[in-house]
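The values are calculated or read from the model by the stated rules, or taken from the named source; none is laboratory data. All values reported here derive from a predicted model rather than from experimental measurement. Heads up, the Cβs are rebuilt from the backbone with ideal geometry, glycines too, and the neighbour counts pull from every protein chain shown. Protein only, heavy atoms only, side chains kept; ligands, DNA and RNA dropped before computing areas. Shrake-Rupley method; radii C 1.70, N 1.55, O 1.52, S 1.80 Å.
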Amino acid sequence: MRYAIRTLLRAPGFTIIALLTLALCIGANTAIFSFVNGVLLKPLPYRDPHSIVRVLEKPPGGLRNGISTLNFLDWKNQNTVFEHLAAINYGGSVTLTGSGRPELIPGVRVSAPYFDIFGVQPVLGRAFAADEDQLGKSQVVVLSHRLWENRFGADPSIVGRTLNLNGKPYTVIGVMPAHTAFDRMWEQLWTPLAFGPGDMTRDYHWLISYARLKPGVTLEKAQAEMDAIGARIAQAYPESNKGWGVTIDRLEDQIVGDQLRRSLLVLLAAVGAILLIGCANLANLTLARGAGREREIAVRASLGAGAWRLIRQLLAENLLLAGAGGAIGLALGYGMIRGLIRLAPPFSLPAEADVSIDMHILLFTLGISLVTALFFGLAPAIHAAGVDPANALKEGGRSASPGSGRARLRNALIVSEVALAFVLLAGAGLLVGSFFHMLEADTGFTSTNVTTASLPVAVERFPQAGQFLQYIRMLDESLRAAPGVRDVAFSAVLPMEGWGDGMPFLIAGRPFVDRANRPACFFKRVTASYFRTLDIRLLRGRTFNDHDTGGGQPVTVINQEMARRYFKGEDPIGKRILVQQILYGKPGLGDEVPWEVIGVVGDEQTGSLVDRKSVGMYVTFDQSPTNDLNMVLRGSIEPQALTSAIYSAVHSVDKDQAIADLRTLDQIKSGTVSSDRMQTMLLAIFAGLALLLAAIGIYGVISYSVTQRTHELGIRAALGASRGSLLSMVIRRGMGLTLIGLAIGTAGALELTRLLSSLLFGVSPRDPATLIAVVAILSAVALLACYIPARRAAAIDPMVALRYE
């Protein structure tokens, strides 16, 4: 080992290049594997995570759906398989007042046993008592550690303190521990979910639930019992539950979505290819360096060193390199992890994911360092140990041409580098093309100079719908009077952040279908100016006006997709769609309302840019009020210049109104592709690194070949070979290897890029333009890598080349 250190120090150029290559390859693999490990491989950070399940309703013809209150209560009272069962409603965000500017705090409402299901208890205070999810006892709150630190300065006396939430006093009873899933969640506080008389319904599905299986209860047994309970409910209440059932999924199977899983595996495959390319480069470097050490190896062999002794000495050098490169790569990987976590869109990873350097990552880094040492060092070491001492010690031995076996190995390594680089470049090219197609996708509205904000309003502030509608009108008038404002609208849900409620419907005059088995459409509440403010195209009929009030005929505007699917070949204007009235301020449903279709508008993109078009209908706040309130404002000046005017206009109406998530519509649009942007950027960086390593590899092989063939090239020049013929001879060899690699890479890319199909938008996995562009880029880079040593070869002076030492 000491001799290996001295040998590497005597070749600083080789050592530095090898260390940098190893550090980059191992660092990238360490970083990406840390995410794979944290998201896909680590067990959930809960007590006995295999016993935690998610329980939802199963609609006819569907997979999963939210739960109605009465169905949940029946499940809770009738099951014998769950140790705990808790309902959750994500509409639990609250406005904190009483200390500075009103602030919206994300939160959820949960049943009392919620924290017991996950086996995590507060680090300060306590969790909810068994009866604190009952009316009259529910004004208590548990805080996240993050909120406790950031908003309350980690006050150790926070337990017992009273907070003003939605205008009501809540007592802090606990603070959750730091560095847990509860600290990485979107929600920052938890309040009890207390059911009131108005919540007792079977036809409004507004809850989800989690449960812990009793010891010894299998998933199959729990599913069988819940199927029986669901069947009894469906038989007893066919109007709301006919054909509905129950579905149970292990939480660990539902945490990671298919797209995130596939993206991580694609990135892991990409860095694995980078590692292989790096190993091929290092193997070529080691082979070239070994040719220069043939005399040394020959002397050792002549003095009695056996083949294994020689291989062991050369592997010791490779292990030193791999160990040092692995240590540097580990440090580089740690920096990459921290950087990627900061760059990752908020909440793009599951809260349960713990991405960090742990023992698994250390073992992984050690493992790939050792494998890398063997991969790039074993074949060159065997070749070196097989040198004939007699031939190597001849006076002309060092100018002899390299063995055919060694040349074939170097050529094979170059071909594999080019092939792997092609696959990576093709994948990156497809994702880049897909990303730009996303950005060019038609959203159905004009986002220029549009500012949005959430205006959370607790129903307790406006118990009557008329009071809330008057409040909207006052906000509308105040904002319109602000300087720089062109138009204002309000919506229950912001553009590109969903539709809102999904409601079963029936078109009047068509065959009757019971409510439990009707198709569903999205149901969005807006003010009359919504379509005008967003510049959404009117295709037929009219949009809302000031006469569409609560006392008039209920009217709706449907989107183009709904007209296409359900009114094919007929004019939807004047038709009536039967949908139950959503009650103001409570989760129940009222009587069926015949909504008359007055217009058809273009499809508004309501989610991710890659989401398929949804069926939806719009109604006015006046005719279906809700306290879910969001502002959409189009200005005549830059949105940033309107911020203070918006705050002033809103607070002139209500000083306690929180204004949350003040963003431009362009920022919302950008946020929907943030995960795709990061994935595309990473794969493009890895593809660029692969291209660079492949170019270095081609250059190294051709350059070494020119050095080895200096004598031959001198003879050719002395016999009259022109500069151009020498140039083309060297380039032909390098480009020949490149073309073989391109052919193999093309075949591989055509197969492997199909795995990307679910990640692509508007681009075929076998897009010919992308493949042609990759061929052109790799060919150009390879040509440049060949040209530089070829030019040196063509400039050889025959007298210098033929001079004999």
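So, R0 is 45 Å and r is the distance between the beta-carbons of residue 636 and residue 363; what FRET efficiency does that work out to, to 0.05?
With a Förster radius of 45 Å, E is 0.15.
On the full set of protein chains, 1.4 Å probe, figure out the accessible area of residue 711 and give it in Å² to the nearest 10.
Rounded to the nearest 10, the figure is 90 Å².
Relative to the present Cα-Cα distance, how much length would full extension add between residue 757 and residue 474 at 0.36 nm per residue of separation?
In short, 96.9 nm is gained.
For residue 221, which aspartates and glutamates qualify as cross-link partners when the Cα separation must be under 15 Å and same-chain residues fewer than eight apart are set aside?
List returned: 83, 249.
Any idea how far the Cα center of segment 574-600 sits from the one of segment 446-504, in Å?
Comparing the Cα centres of segment 574-600 and segment 446-504, I get a distance of 20 Å.
Along the Cα-to-C-beta direction of residue 77, a point sits 7 Å from the Cα; which residues of segment 108-124 have their amide N less than 19 Å from that point?
Output list for this probe position: 111-113.
What spacing in nm lies between the two simple spin-label points modelled at residue 179 and residue 721, each 7 Å away from Cα in the Cβ direction?
Output for this residue pair reads 6.5 nm.
What number comes out for accessible area per residue over the chain if the probe is 1.4 Å? Units Å², please. Walk me through the numbers before you get to the answer.
On the way: 34950 Å² over 805 residues.
That works out to 43 Å² for each residue.
Calculate, in whole percent, how much of the Cα-Cα pair population of segment 511-550 lies beyond 15 Å.
Here the long-distance tail beyond 15 Å is 61 percent of all Cα pairs in segment 511-550.
Could you sort 200, 496 by their accessible area in this structure, using a 1.4 Å probe and putting the largest first?
200, 496
So how do 233-246, 8-21 stack up, highest first, on mean other-Cβ count within 10 Å?
233-246, 8-21
Can you give me the Cα centroid spacing of segment 208-271 and segment 636-713 in angstrom?
Rounded to whole Å, the Cα centres lie 36 Å apart.
Compute the relative contact order of segment 469-626 as a whole-number percentage, counting only Cα pairs closer than 8 Å that sit 6 or more residues apart in sequence.
Result for segment 469-626 is 31 percent.
Where in the chain are the DSSP H helices whose alpha-carbon span along the long axis reaches 20 Å or more and whose Kyte-Doolittle mean is at least 1.6? Could the numbers behind the result be given before it?
Numbers: long enough: 12-36 (35 Å, 1.87); 219-236 (26 Å, -0.04); 258-291 (50 Å, 1.19); 307-343 (51 Å, 0.95); 359-385 (37 Å, 1.81); 404-439 (52 Å, 1.25); 465-480 (23 Å, -0.19); 674-708 (50 Å, 1.18); 723-752 (42 Å, 1.04); 768-794 (37 Å, 1.67).
Those that clear 20 Å and a mean of 1.6 are 12-36, 359-385, 768-794.
May I ask you to order 412-419, 69-76 by the average number of other C-beta atoms within 10 Å around their residues, highest value first?
412-419, 69-76
Of the listed peptides 658-666, 511-519, what is their order by residue-averaged count of other C-beta atoms within 10 Å, with the highest listed first? It would help to have the intermediate numbers written out before the result.
Details: 658-666: 17.9, 511-519: 13.3.
Descending mean neighbour count gives 658-666, 511-519.
List, in order, the whole-Hz ³J(HN,Hα) value for each residue of segment 154-168 obtained from phi through the Karplus relation with A = 6.51, B = -1.76, C = 1.60 and θ = phi - 60°; use x for Gly and Pro.
Here the 3J(HN,Hα) series is 6, 4, x, 9, 5, 5, x, 6, 9, 10, 8, 10, 6, x, 10 Hz.
Rounding to the nearest 20 debye, state how big the charge dipole of segment 242-375 is about its Cα centre with +1 on each Lys and Arg Cβ and -1 on each Asp and Glu Cβ.
Working: 12 positive and 10 negative charges, 103 e Å.
Rounded to the nearest 20 debye, it is 500 debye.
At a probe radius of 1.4 Å, what is the per-residue accessible area of residue 360, in Å² to the nearest 10?
110 Å²
Given a 1.4 Å probe and the protein chains all in place, what does the accessible area of residue 220 round to, in Å² to the nearest 10?
Roughly 130 Å² of residue 220 is accessible to a 1.4 Å probe.
Tell me, in nm to one decimal, what length is gained between residue 302 and residue 655 on full extension, where the rule is 0.36 nm per residue of separation less the Cα-Cα distance?
Difference between extended and current length: 117.8 nm.
If each residue of separation counts as 0.36 nm, what is the full-extension length gain between residue 712 and residue 459 once their alpha-carbon separation is subtracted?
82.1 nm
Can you sort 204, 699 by solvent-accessible area, 1.4 Å probe, largest first?
699, 204
How big is the shadow of the Cα convex hull of segment 477-596, averaged over all directions, in nm²?
The directionally averaged projection comes out at 9.1 nm².
Mind checking which lysines have their C-alpha under 23 Å from residue 575, skipping anything on the same chain fewer than 8 residues away?
Cross-link targets: 524, 613.
Out of all Cα-Cα pairs in the chain, roughly what percent, to the nearest whole number, are more than 37 Å apart?
Summing the P(r) tail past 37 Å for the chain gives 57 percent.
Rounded to the nearest percent, how much of the accessible area of the chain (1.4 Å probe, protein heavy atoms only) is carbon and sulfur?
Carbon with sulfur: 58 percent of the solvent-accessible area.
For segment 437-547, with only Lys/Arg (+1) and Asp/Glu (-1) charged at the beta-carbon, what is the dipole magnitude about the Cα centre, in debye rounded to 20?
380 debye
Please report, in whole Å³, the volume per residue of the convex hull around the C-alpha atoms of segment 247-328.
Values: hull volume 11.5 nm³, N = 82.
Residue-normalised Cα hull volume stands at 141 Å³.
Using a 1.4 Å probe and counting only protein heavy atoms, arrange 133, 622 so the residue with the most accessible area comes first.
Largest accessible area first, the list is 622, 133.
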